[in-house]
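J.: I have a structure here, written as structure tokens, and I will follow up with some questions on it.
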Amino acid sequence: MLNLTQVVETFPSVRIPSESGGLAVEVSLIAQIGHGAGNHLFASVASRQRQHSAFVDELDEPSAKLGGTDFSKGDATSLYSFVVGPKGHPFHRHAGHRIFTAVSGSGGAQLRFSSASEQQIQEDPHNFMRALRFVNIPPDCLFTVRFGGETWHQFSPLSRNSLHPVFFALSCHTNELGGNLSEALKEDVLANKASIPSLTELLPDAVKALLEAKDFKADAVPTTTLSLDAPPGTFHRVVCNTVRSGAGVMRGLWGSWKGASGFLSHGGSARSVKELSSPPADSLLLEQLSGLRVHHEDTFRLRVTGTNFGNTSAANLLAAVLEGFMLNAPSGVSNLMALRNVLVKPLGLRTSPLGCPVSSLLSPDTSNLFVNRYPVLGQSTNAGDSKAQVILGANDKHLLFRSCVSVEIVDKHHVDVMLGTRVHCKNFFGRFYMAAIDYVHRHYVTPTMLRLAVEYAVVQEKEPAVPAKLVTA
């Protein structure tokens, strides 16, 4: 039971001095969010975290490294996300300093700390118990925690047999090399291979036995309770916690069932698409449909600057652009194609989920493959591999079309990517069809497809491990 409740005008905070002379533990309550929001946020963060390439699930503390060290540039920091579920996790410590920001679940959280040093514990394991301090965090709250290296800590639900997760957090390791690390662990840190579990040390068995003993009374441990909306120990607090708990169960279930996803969109003046008056003089498109009347012709260029392409092959970059057409197709174009497919299928015309200029990338024909992967009608790469082109296209009942996709590395900071199309209409319906789609083709379909494919290729050039689906439009 609390002996004293103070009213504060700023963030309710507690500072717990170290029993071994190290840095104090500091906890600050920042804000209380919506009823049940803690559980909902936990479910969505946990879902996204599981899909991360650096996800680790150990020690009841699933985590993902969001940003690693870069010692070549003097950066020793790392950024992690981690979650603690309804069962809490075991007491442990890290060699280095820790700072994290968290949102508690809808049942609240209890933060447990002991600053007893290794020497003090070896002298008497009860020194760990004497240095034990608890901090209670109410449900659905944003809070911050800071503590020094070697501080033992455990994060648990506020009440036993809780249905609610403890919290999710974003943790900053201010110096991944900080503290007394083994040589092997230092090598992992320098190679950016460290993780939260690898940097964790569990309690000695002698201390663990004291915590699990029947005579251990958690209620007797000195405890500070932080609160915002309602004073601790009051009927108001009880009602608030009850309402948040019920809302948290429902919102947590909803968040788990619905799942979570995100979106990453790239844009800027360096990605603007321009329609040219004619194809370049060396474009393979000029050789297409020779001897036939061309009823439609366009060429669009996207100029990429501000990225170092010094070690890039034009053929490899073109392959990434072709992959971008397939894996990063604009949702709006895909929806238009779905509608078109429904309308023209009864007429016996070709159907494809991809936008028409590049729809032949899904052709089963393997007689002519670009980089041994993409079916094309023609291809060309110059001697220096600074320009690569492919011809796509198909023959349909109402028209013939050919598209040229090209990549030219002008210099190491300047790349031109082009998509051009030529169409020969075989009959009146073909001319009617092209007249009907001309405006949307020139002003939306081709520019948007080109932009998103190039964005995909540029990101792949920088970070090959990023997820395939980058942007929708």
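The values are calculated or read from the model by the stated rules, or taken from the named source; none is laboratory data. If you're wondering where the values come from, they're calculated on a predicted model, not measured in any experiment. No Cβ is skipped: glycine too gets one built from the backbone with ideal geometry, and neighbour counts run over all protein chains shown.
J.: Can you give me the number of residues within region 140-181 that are more than 27 Å from Leu228 (Cβ to Cβ) and among the β-branched types (Val, Ile, Thr)?
T.: Adding up the residues that qualify gives 1.
J.: Filter region 360-395 down to the residues that are under 20 Å from Ser283 (Cα atoms) and of a type in the set (S, T, N, Q) and list them by number.
T.: If the condition is that a residue be under 20 Å from Ser283 (Cα atoms) and of a type in the set (S, T, N, Q), then Ser360, Asn368, Gln379, Ser380, Thr381, Asn382, Ser386, Gln389 are the ones that fit.
J.: Ok, one more. Does Leu181 satisfy the condition of being at pLDDT below 90 and touching a Pro at 6+ places or on another chain (Cβ under 7 Å)?
T.: So Leu181 fails the test.
J.: Turning to a different aspect of this structure: Mind listing whichever residues of region 34-45 are surrounded by 17 or more Cβ atoms within 10 Å (Cβ to Cβ) and not in a helix (DSSP H, G or I)?
T.: His35, Gly36
J.: Looking at Leu339, Leu400, Leu343 in this structure, which one is under 19 Å from Ala436 (Cβ atoms), out of contact with any Asp or Glu (no Cβ under 6 Å at 6 or more places or on another chain), part of a strand (DSSP E or B) and assigned by TED's automatic domain parsing to the domain that holds Leu452? Before you say what the answer is, go through the steps one by one.
T.: Working: Leu339 fails: part of a strand (DSSP E or B); Leu343 fails: part of a strand (DSSP E or B).
Sole residue among the options that is under 19 Å from Ala436 (Cβ atoms), out of contact with any Asp or Glu (no Cβ under 6 Å at 6 or more places or on another chain), part of a strand (DSSP E or B) and assigned by TED's automatic domain parsing to the domain that holds Leu452: Leu400.
J.: I'd like to know if region 303-318 contains one or more residues that are in contact with a Gly (Cβ under 8 Å, 6 or more places away or on another chain), part of a strand (DSSP E or B) and of a type in the set (S, T, N, Q). Give the derivation first.
T.: Going residue by residue through region 303-318, those that are in contact with a Gly (Cβ under 8 Å, 6 or more places away or on another chain) are none.
There is no residue in region 303-318 that is in contact with a Gly (Cβ under 8 Å, 6 or more places away or on another chain), part of a strand (DSSP E or B) and of a type in the set (S, T, N, Q).
J.: How do the pairs read when you match residues in region 135-163 that are closer than 16 Å to His89 by Cα with residues anywhere that are of a type in the set (Lys, Arg), using Cβ under 7 Å and keeping only pairs 6 or more apart or on different chains?
T.: Hits for this filter: Thr151/Arg93; Trp152/Arg93; His153/Arg93; His153/Arg112; Gln154/Arg112; Ser156/Arg112.
J.: Could you pull out the residue among Ser81, Ser13, Ser72 that is in contact (Cβ under 8 Å) with a residue 60 or more places away in the chain, surrounded by fewer than 17 Cβ atoms within 10 Å (Cβ to Cβ) and of a type in the set (S, T, N, Q)?
T.: Details: Ser81 fails: surrounded by fewer than 17 Cβ atoms within 10 Å (Cβ to Cβ); Ser72 fails: in contact (Cβ under 8 Å) with a residue 60 or more places away in the chain.
Being in contact (Cβ under 8 Å) with a residue 60 or more places away in the chain, surrounded by fewer than 17 Cβ atoms within 10 Å (Cβ to Cβ) and of a type in the set (S, T, N, Q) holds for just one of Ser81, Ser13, Ser72, which is Ser13.
J.: Let me ask another. What is the residue count in region 46-79 for residues that are among the polar types (S, T, N, Q), assigned to a loop (DSSP other than H, G, I, E, B) and closer than 16 Å to Ser171 by Cβ?
T.: Counting residues in region 46-79 that are among the polar types (S, T, N, Q), assigned to a loop (DSSP other than H, G, I, E, B) and closer than 16 Å to Ser171 by Cβ gives 2.
J.: Only one of Ile30, Ile16 is under 26 Å from the mean Cα position of the chain (by Cα) and closer than 23 Å to Arg112 by Cβ. Can you tell me which? Spell out the reasoning first.
T.: Working: Ile16 fails: under 26 Å from the mean Cα position of the chain (by Cα).
Answer to the check: Ile30.
J.: Let me ask you something else. Which numbered condition in (1) within 18 Å of Met326 (Cβ to Cβ); (2) surrounded by fewer than 22 Cβ atoms within 10 Å (Cβ to Cβ); (3) at pLDDT 95 or above; (4) not charged (D, E, K, R) is the only one that Thr366 fails?
T.: (3) is the only condition that Thr366 fails.
J.: Something else about it: Any chance you could count how many residues in region 376-398 are closer than 30 Å to Phe428 by Cα and not β-branched (Val, Ile, Thr)?
T.: Result for region 376-398: 9.
J.: Determine which single condition Phe429 fails, assuming it passes every other condition in (1) assigned to a helix (DSSP H, G or I); (2) within 21 Å of Ala457 (Cβ to Cβ); (3) not polar (S, T, N, Q).
T.: (2)
J.: Leu29 - would you say it is surrounded by fewer than 16 Cβ atoms within 10 Å (Cβ to Cβ) and touching a Cys at 6+ places or on another chain (Cβ under 7 Å)?
T.: In short, no.
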